[in-house]
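*Asks:* Take a look at this one; I'll ask things after.
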Amino acid sequence: MSPDASSRSDSTVAHEQDSQSPGASNLRVCDKCISRKVKCDQKRPVCSRCHEGGFACVYSSSKKKPGPARGTRKAARRTAKSPKTTHPCVGSDHDNGEHMSSFFSDIFVASPATGFQLDADAGFSMGDNNPDPQSHFSGLTPLVPAAGPSVSSELGISPEMQAKLVHDFFDFVHYSIPLFRKEEFLGRYENGTINRSLLLTVLAVTAKSLGLPHGWQVANIDDCLQQLLKDDPLGGPTPPAMLLDAFRQCCLLAFYRFHQGHGGDAWDYISRLSRKALRLGLHQLDSTDRYNSFGDILANPANLEEWRYVWWCIYCLDSYSNIMAATPFVLEKESIRTALVATSLEGSSDSPVSSRVTQFLPTDSRDLWRISAEMGSPDTPASNFNMHIVTTTLLREAAAIFRLRRQNPSEALRDRRSQFGDHLSAVVLSLPPQFLREARNAFANESSVDHHARLVCLIHLHAARLLNTITFDLSDNSAWTSSWERSLAHSEDIVAVIREWDSRYCSTVDPAICLIVFSTLILLYLHEIHEATPGMLALSERLQAERDILLLFLEQFARIWALPRSLKASFEKFISVVHGPLSSYDIGQLLIQVPGPFRPWRGLLGLAPNPRDPLLTPQEPVIDLSGLDFSFDFFSPL
């Protein structure tokens, strides 16, 4: 067979033969519209619905009944019960067009009232009338592509594309929020036994995060994400065996919602998820008298390890959302009795769990250096993830002290701030020199992914020191000048880290670091317009160059997420209305006028407008502050 002929699918050939047949009836409804039970306008060669959705539009000469082919559901149930049985996934002669269609239309069914709703088989919730967990896998079919002719791009999302998105998720996205054992997830995917709602979440988040290859189109991806965000996997009775996947899906949706629409609804979504984790006892997984919510689920050490990853991902989400909102944290580190992870998720669940002594996050920041000394070594299993937890904890403490110093200053807080400065120094001194280097440790065979994970930890460390440095007391000019100079030094430490950034790895890290970069941009600009700076030409030129570097960094992340786009727009608005030269008193007043932990915006240095929420259209409030016209309120109605 020639290359041209082999590249054409069976459905395409059937389409051409049907459209060219003089005996084809003009009254036939296309196969896709029949299967989806929707009205077809019968346009030739492609009807309007198939054209808009990117589906294969096939007009069969034989009459077909609406709905799936007879025996499809029974075969799918047999597939779920016998995952090792081989099934022809795609390319079957009788229903090729249906299986080659968009995975979104396969999981969503048409509804006259809502347009789309989740298939009943896609949810996690289980009522009293459905006691068998296996029944939730009914309707699943293997999604891995089988051997057969390639699918042309006009067919939309084929099983080959689904498989590519799944692998792209683990290659580019999963590092930023590790929740799954790769080998186990891929095995469930190939066997067709993975929960459809979870799979849809992985595919949709990956497609939105990375984009799609040229020529591929996705129908209804935004509708699907809206429905996924509205339907809470933990909203109803959930069998224990499915809780892990339900929490994983919630974590992915919370991660997506925070970075794609970080308004009050995103904050509330993460808060509810955090409270559900507490109610289930995820913060006490390794306590000797832990809750009995799990029964025998945690008997397998590998399963316990996966629950630990879920817990610490929720811990990070709670940290970022409340730092940004200038609100107290839902999860208190003093109550945590869940160990840090001991293994990487890259291996299988059958791999032996590390025999090292179980490590816990210290309840007092003065002891964090004991953990960081071990986690800073690349030879320690899962060192990058655990070090991320340590530096996130330091950033939480710095932000909490910063917020309280502004809201209710006291002598006790001044002492707490001073002591925390010592704790930060101890952590930095405990780390090996190669960990603190911005450049990749090529001699140590450090991978680029590990390098960027380490850079994120360095950004956390410098940001914590920066927050702890800033002072609001303008009465002591000497102390203010010293604090102002150190804030420049810590800001430039962050710039030094950003200089080593490779934009190819933006999707592998948590984009919450853009909040820190935005904060640094504001401070560097204030240094730039300080009344003393124009007299120092070299400093002024250096600050402008550093500003450009940070803006380019935000632009790279803005190609993926809405959060950095709104931060970049906010900074541009800020510099358009705030002009120098400003005195130290002017800058001090600017930093304390608007509520929030890092003046002049709510959250970690933010005048950021609320981006478009995935569910709602924002109605941004405006505040007039000495000529500044900003929409800034994190809790503004959306």
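*Asks:* Is it true that some residue in the stretch 477-491 is among the acidic types (Asp, Glu) and free of Cβ contacts under 8 Å to residues at least 12 places away in the same chain?
*Replies:* Yes, the stretch 477-491 contains at least one residue that is among the acidic types (Asp, Glu) and free of Cβ contacts under 8 Å to residues at least 12 places away in the same chain.
*Asks:* Which condition from (1) open to solvent by 60 Å² or more (accessible area, probe 1.4 Å); (2) among the small types (Gly, Ala, Ser); (3) in contact with a Ser or Thr (Cβ under 8 Å, 6 or more places away or on another chain) is the one that Ser418 breaks?
*Replies:* (3)
*Asks:* OK, next. Check Arg504, Arg499 and return the single one that is closer than 30 Å to Phe170 by Cα, surrounded by fewer than 18 Cβ atoms within 10 Å (Cβ to Cβ) and at pLDDT 95 or above.
*Replies:* Among Arg504, Arg499, only Arg499 is closer than 30 Å to Phe170 by Cα, surrounded by fewer than 18 Cβ atoms within 10 Å (Cβ to Cβ) and at pLDDT 95 or above.
*Asks:* Tally time: how many residues in the stretch 181-212 are within 18 Å of the chain's Cα centre (by Cα), open to solvent by 20 Å² or more (accessible area, probe 1.4 Å) and not small (Gly, Ala, Ser)?
*Replies:* Of the residues in the stretch 181-212, 4 are within 18 Å of the chain's Cα centre (by Cα), open to solvent by 20 Å² or more (accessible area, probe 1.4 Å) and not small (Gly, Ala, Ser).
*Asks:* Follow-up. For the stretch 259-283, enumerate the residues that are in contact with a helix residue (DSSP H, G or I) (Cβ under 6 Å, 6 or more places away or on another chain) and either modelled with pLDDT under 90 or of a type in the set (Gly, Ala, Ser) (or both).
*Replies:* Of everything in the stretch 259-283, those that are in contact with a helix residue (DSSP H, G or I) (Cβ under 6 Å, 6 or more places away or on another chain) and either modelled with pLDDT under 90 or of a type in the set (Gly, Ala, Ser) (or both) turn out to be His259, Gln260, His262, Ala266, Trp267, Ser274, Ala277.
*Asks:* Can you tell me which residues in the stretch 370-387 are buried (at least 16 other Cβ atoms within 10 Å of the Cβ), among the small types (Gly, Ala, Ser) and outside any helix (DSSP H, G or I)?
*Replies:* Gly376, Ala382
*Asks:* Considering every residue within the stretch 577-596, establish whether at least one is outside any helix (DSSP H, G or I), buried (at least 21 other Cβ atoms within 10 Å of the Cβ) and modelled with pLDDT under 85.
*Replies:* Yes, because at least one residue in the stretch 577-596 is outside any helix (DSSP H, G or I), buried (at least 21 other Cβ atoms within 10 Å of the Cβ) and modelled with pLDDT under 85.
*Asks:* Related question: Condition check: farther than 17 Å from Val497 by Cβ, touching a Pro at 6+ places or on another chain (Cβ under 9 Å) and either in a helix (DSSP H, G or I) or open to solvent by less than 10 Å² (accessible area, probe 1.4 Å) (or both). Does Leu563 satisfy that?
*Replies:* Yes, satisfied.
*Asks:* Just the residues that are open to solvent by 20 Å² or more (accessible area, probe 1.4 Å) and among the hydroxyl-bearing types (Ser, Thr, Tyr), please, taken from the stretch 233-273.
*Replies:* Thr238
*Asks:* Please go through the stretch 524-552 and pick out each residue that is within 30 Å of Gly211 (Cα to Cα) and open to solvent by less than 10 Å² (accessible area, probe 1.4 Å).
*Replies:* Glu546, Leu550
*Asks:* Just checking, which of Ser475, Ser482 is among the hydroxyl-bearing types (Ser, Thr, Tyr), assigned to a helix (DSSP H, G or I) and open to solvent by 10 Å² or more (accessible area, probe 1.4 Å)?
*Replies:* Among Ser475, Ser482, only Ser482 is among the hydroxyl-bearing types (Ser, Thr, Tyr), assigned to a helix (DSSP H, G or I) and open to solvent by 10 Å² or more (accessible area, probe 1.4 Å).
*Asks:* Tell me, yes or no, whether the stretch 450-472 has at least one residue that is within 21 Å of Gln589 (Cα to Cα) and open to solvent by 30 Å² or more (accessible area, probe 1.4 Å).
*Replies:* Yes.
*Asks:* Okay, moving on. Tell me whether the stretch 486-500 contains one or more residues that are within 23 Å of the chain's Cα centre (by Cα) and within 19 Å of Leu591 (Cβ to Cβ).
*Replies:* yes
*Asks:* State yes or no: is Glu541 touching an Asp or Glu at 6+ places or on another chain (Cβ under 6 Å) and either outside any helix (DSSP H, G or I) or not hydrophobic (A, V, I, L, M, F, W, C) (or both)?
*Replies:* no
*Asks:* Also: Give the residues of the stretch 566-576 that are polar (S, T, N, Q) and either open to solvent by less than 40 Å² (accessible area, probe 1.4 Å) or touching a strand residue (DSSP E or B) at 6+ places or on another chain (Cβ under 9 Å) (or both), sorted by residue number.
*Replies:* Ser566, Ser570
The values are calculated or read from the model by the stated rules, or taken from the named source; none is laboratory data. Since the structure is predicted, the reported quantities are computational estimates derived from the model, not experimental observations. Cβ sites come from the backbone with ideal geometry, for glycine too, and all protein chains shown count toward neighbours. In case anyone asks, the SASA skips ligands and DNA or RNA and just uses the protein heavy atoms, side chains included. Shrake-Rupley method; radii C 1.70, N 1.55, O 1.52, S 1.80 Å.
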